[in-house]
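Down below is the structure, laid out as structure tokens.
We did not get these values from a lab; they are worked out from the coordinates using the rules stated. Bear in mind that the values here come from a model prediction, so they are computed numbers and not experimental data. A quick note on method: Cβ atoms are made from the backbone with ideal geometry, for glycine too, and the neighbour counts reach across all protein chains shown.
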Amino acid sequence: MENILVTGGAGYIGSHACKALKTAGFNPITFDNLVTGWKDAVKFGPFEEGDLLDRGRLDEVFAKHRPVAVMHFAALSQVGESMQKPGKYWRNNVEGSLNLIEAAASAGCKRFVFSSTCATYGDQDNVVLDENSVQLPINAYGASKRAIEDMLRDFEASDGMQSVIFRYFNVAGCDPEAEVGEFHQPETHLIPLILDAVAGKRAALTVFGTDYDTPDGTCIRDYVHVCDLVDAHILGVKWLKDEKGSRVFNLGTGEGFSVREVMSKAASVTGKPVPCEEGPRRAGDCTKLVSGSTRAEAELGWNPQRSNLENMVADAWKWHQTGHYDK
Ligand SMILES: NC(=O)c1ccc[n+]([C@@H]2O[C@H](COP(=O)([O-])OP(=O)(O)OC[C@H]3O[C@@H](n4cnc5c(N)ncnc54)[C@H](O)[C@@H]3O)[C@@H](O)[C@H]2O)c1
């Protein structure tokens, strides 16, 4: 069985990727420092505790497991915090990724799948966001991800590193079998925040900004189911193994939902009202982020199956009710 090194495999998306890798016949090796991840989410392969900032530890893990590819999920990803503490983001995400890419290159592992983000596009109203769109991030988190994309291009020129870069839109939902799920501490993602409010685990959902230039005044995002998203990563590994070369893909559905539309779906799925209060806009939030590309479907053969809002909220609600949120 071929080993794939999964950085951030103890986190939300990484743990779902490990499950998908195992199902696809790979052995996922999780590398994680548990800064925002959970050891009990590492269920589908070995765990190597370590920090991306520790180059020696990375070299040890590459030597021990000889992975055929890297899936790089590990990062800090809170937009608001990145505006207050940009150094923390540049150090962890950019310096950490530099260590990882150098360690992979020197171990001869030249296949790299990277979690980038639509936050690299910034706030471009009325622009169709496809992979050729100009990247103008408006927060330090997005800037750190754009820098890593640039880094991968430089290491392709110098070392032949082949990369598949996925720019995710908003990832949502959970494993429908509820073996793994979403649990960020603190939580900043809309659907788990709504479900916490529905379940009485927080007093109310705060809607940040109700005066955006959208039909109901709240921000619009493109939500993609985590299981569909990680399926694209498996296709990304296959793409690299088939030597198809470095490529960037947006991962979104092309359909946007406002905060109020998501709240209304959650109320109908759970059968309960969503307590909410209105707050001011948050620094770093864009009005609308929706993918305008079908490249992943056309070229990778990606076929998202669960990315409708109903499934995403229902799967998240099922996970929410397992009690993992009570940790
Ligand atoms: N969740 C989304 O909607 C979304 C959208 C766009 C992009 N992304 C990207 O996807 C990736 C995964 O996101 P997530 O929501 O699963 O986040 P997460 O916080 O649940 O997972 C990140 C994991 O990385 C680990 N990590 C962080 N820094 C590390 C370091 N220096 N060394 C080792 N491990 C470290 C954490 O402990 C955690 O387990 C991130 O790169 C994020 O930027 C997520």
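Note down the relative contact order for the chain as a percent, whole number, built from C-alpha pairs under 8 angstrom at least six residues apart. Don't skip to the end; give the middle numbers.
Details: 678 pairs, mean separation 62.0, N = 327.
About 19 percent, as a whole number.
Here region 152-200 is assigned +1 on the Cβ of each Lys and Arg and -1 on the Cβ of each Asp and Glu. Its dipole about the Cα centre then comes out at about 240 debye. Label point of Thr206 set 7 angstrom out along Cα-Cβ; within region 167-192, amide nitrogens under 15 Å from it belong to 186-190.
Per residue, what volume in Å³ does the Cα convex hull of region 1-116 take up?
Details: hull volume 10.2 nm³, N = 116.
It is 88 Å³ per residue.
Only Lys, Arg, Asp and Glu count, each charged at its Cβ (+1, +1, -1, -1), so figure out the dipole size of region 225-327 about its Cα centre, rounded to 20 debye. Walk me through the intermediate numbers first.
On the way: 14 positive and 14 negative charges, 28 e Å.
Roughly 140 debye, rounded to the nearest 20.
Between Asp213 and Met1, the contour length at 0.36 nm per residue exceeds the Cα-Cα span by 71.2 nm.
Taken over the Cα atoms of the chain, the convex hull encloses 119 Å³ per residue. Taking the number of Cβ atoms within 10 Å of each Cβ as an exposure proxy, the fewest-first ranking of Met1, Met71, Met161 is Met1, Met161, Met71.
Computed over the Cα atoms, what is the radius of gyration of region 130-195 divided by 2.2 N^0.38 Å, N being its residue count?
Values: Rg = 16.2 Å, N = 66, 2.2 N^0.38 = 10.8 Å.
Taking N as the residue count of region 130-195, the ratio is 1.50.
At an R0 of 41 angstrom, the distance between the Cβ atoms of Asp123 and Asp40 translates into a FRET efficiency of 0.65. Averaging 1/r across all pairs of distinct Cα atoms in region 162-251 and inverting the result yields a Kirkwood radius of 15.7 Å.
Structure shown: which of Lys145/Lys238; Lys85/Lys201; Lys64/Lys110; Lys19/Lys39; Lys39/Lys145; Lys39/Lys318 lie over 19 Å apart, alpha-carbon to alpha-carbon? All intermediate terms of the calculation are to be shown ahead of the outcome.
Details: Lys145/Lys238 23 Å; Lys85/Lys201 28 Å; Lys64/Lys110 17 Å; Lys19/Lys39 14 Å; Lys39/Lys145 25 Å; Lys39/Lys318 21 Å.
The pairs that break the limit, which is 19 Å between Cα atoms, are Lys145/Lys238; Lys85/Lys201; Lys39/Lys145; Lys39/Lys318.
Each residue of region 108-114 was assigned a 3J(HN,Hα) from its phi angle through the Karplus curve 6.51 cos²θ - 1.76 cosθ + 1.60 (θ = phi - 60°); the sequence is x, 8, 10, 10, 9, 10, 10 Hz, with glycine and proline shown as x. For region 194-327, what does the relative contact order come out to in percent, with C-alpha contacts under 8 Å and a separation of six or more? Averaging sequence separation for qualifying contacts and normalising by length gives 38 percent for region 194-327. Peptides 242-248, 18-24, 117-123 ranked from most to least packed, by the mean per-residue count of other Cβ atoms within 10 Å: 117-123, 18-24, 242-248.
Think of region 204-250 as a dipole: +1 on every Lys or Arg Cβ, -1 on every Asp or Glu Cβ, centred on the Cα centre; then among Cys219, Gly245, Val207, Gly245 lies furthest on the positive end. Close amide H partners of Ser246, meaning residues 5 or more places away or on another chain with modelled amide H under 5 Å apart, are Ser163. A simple spin-label model places pseudo-atoms 7 Å from Cα toward Cβ; at Lys244 and Ala283 they are separated by 4.1 nm.
Restricting the calculation to Cα atoms, region 187-327 shows an Rg/Rh of 1.02 when the hydrodynamic-style radius is the Kirkwood one. Label-to-label distance for Ala63 and Asp159 is 1.6 nm, based on points extended 7 Å past Cα in the beta-carbon direction. Rounded to the nearest 20 debye, the dipole magnitude of the chain is 400 debye, with +1 charges on Lys and Arg beta carbons, -1 on Asp and Glu beta carbons, and the Cα centre as origin. Applying Stokes-Einstein at 25 °C and 0.890 mPa s to the Kirkwood radius of region 82-127, computed over alpha-carbon pairs, gives a translational diffusion coefficient of 191 µm² s⁻¹. Compared with the alpha-carbon gap, the fully stretched path from Leu136 to Thr188 is longer by 16.5 nm at 0.36 nm per residue. Annotation: the residues Phe47, Phe114, sorted from fewest to most other C-beta atoms within 10 Å of their own C-beta, follow the order Phe47, Phe114.
Annotation: amide H-H contacts under 5 Å for Val224 (H modelled 1.01 Å from N, sequence separation of 5 or more, or interchain): Asn170, Val171, Ala172. Counting only DSSP beta bridges whose two residues both lie in the chain, roughly 10 percent are antiparallel.
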